[in-house]
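One structure is given below, encoded as structure tokens.
The values are calculated or read from the model by the stated rules, or taken from the named source; none is laboratory data. Quantities reported herein were computed from a predicted structural model and do not represent experimental measurements. For neighbour counting, all protein chains shown are included, and Cβ atoms are generated from backbone atoms with ideal geometry for every residue, glycine included.
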Amino acid sequence: MLRFGRSAKIAAIAFLIAGVAAIGLFQLSRAKCFQLVGEVTCRVQTDERLVALTFDDGPTDRGVDAVMQALARHDAKATFFLIGNAIERNPEAVRQLVSAGHEIGNHSYSHVPNVGRPQAFYREEVERTNAALRSLGVTPRYFRPPYGIRLIGLSRAVSEAGLHTVMYDVAEPDGSKDSAEDYAANILREIRPGSIVLIHAMNSHNRNARDALPLILEGLAKRGYRAVTVTRLLEAGGKAVTPDAGPSSSR
């Protein structure tokens, strides 16, 4: 009985340690401003009243049309983190974004959670999207992980591809619950110089984000802010990221 008791205690301790480790890894995988491999940026230190609006997913015609029109009215530039398989389905949307002076980043190929998978999977997710962009004359500098989740494997693949991970310090509210006015107000409340803002505007359920974007841009202008690409924002903070090879997207 004594031996069984010790075994049970050891098993319980091991289970507890494993549980704590799992929770720790989960929290680490979602950390916005820290990762174990490669560089990550979630905000830029600058006194200039500049912010980077970043749009995840797509491209879709609905999202690209709405966002480009709103940005153009305010002479604003943005960075779009696009999904590889969507790029292949809609290359013309990418061309439109680049022609308008916006910047394109890599948001993986299939947009699935990138944890607990073989290293070859991570490399393929990064490289297939890079290849899709390069076929359109764009060499990406930046990567954003799907759902903001990554651990060592994905971060290593991103670093090996010569990309810089870009997260954010201002996250959009739950667009399904907030009105466009509340959506914009929640973002504007968190803005400060050097902020990187996450917005999802590409899909049918992102209507609040599309409707809120003109309000966000108007609010930024009233506060004396200018919306720029991630590259321009990094330059304002004294840091430029150079693509590894080939032509780059506009700034």
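So, in region 73-112, exactly how many residues are acidic (Asp, Glu) and over 29 Å from Leu151 (Cα atoms)?
The number of residues fulfilling the criteria is 2.
Scanning region 65-110 for residues that are out of contact with any helix residue (DSSP H, G or I) (no Cβ under 8 Å at 6 or more places or on another chain) and crowded, with 17+ Cβ neighbours inside 10 Å, which turns out farthest from Leu50 (Cα to Cα)?
Step by step, filter region 65-110, then rank; the result is Ala86.
Yes/no matrix, rows are residues, columns are (1) modelled with pLDDT under 95; (2) buried (at least 21 other Cβ atoms within 10 Å of the Cβ):
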| site | (1), (2) |
| --- | --- |
| Leu28 | yes, no |
| Cys33 | yes, no |
| Asp47 | no, no |
| Ala52 | no, yes |
| Pro59 | no, yes |
| Arg62 | no, no |
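Considering only residues that are part of a helix (DSSP H, G or I) and under 19 Å from Gly148 (Cα atoms), which ones fall in region 113-127?
Once the filter is applied, which keeps residues that are part of a helix (DSSP H, G or I) and under 19 Å from Gly148 (Cα atoms), region 113-127 yields Gln119, Phe121, Tyr122, Arg123, Glu124, Glu125, Val126, Glu127.
Matching residues to (1) more than 17 Å from Ala78 (Cα to Cα); (2) free of Cβ contacts under 8 Å to residues at least 40 places away in the same chain; (3) not assigned by TED's automatic domain parsing to the domain that holds Pro91:
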residue: Glu127; (1), (2), (3): yes, yes, no
residue: Pro140; (1), (2), (3): no, no, no
residue: Leu151; (1), (2), (3): yes, no, no
residue: Gly162; (1), (2), (3): yes, no, no
residue: Ile187; (1), (2), (3): no, yes, no
residue: Ile196; (1), (2), (3): no, no, no
residue: Asn208; (1), (2), (3): yes, yes, no
residue: Glu218; (1), (2), (3): no, no, no
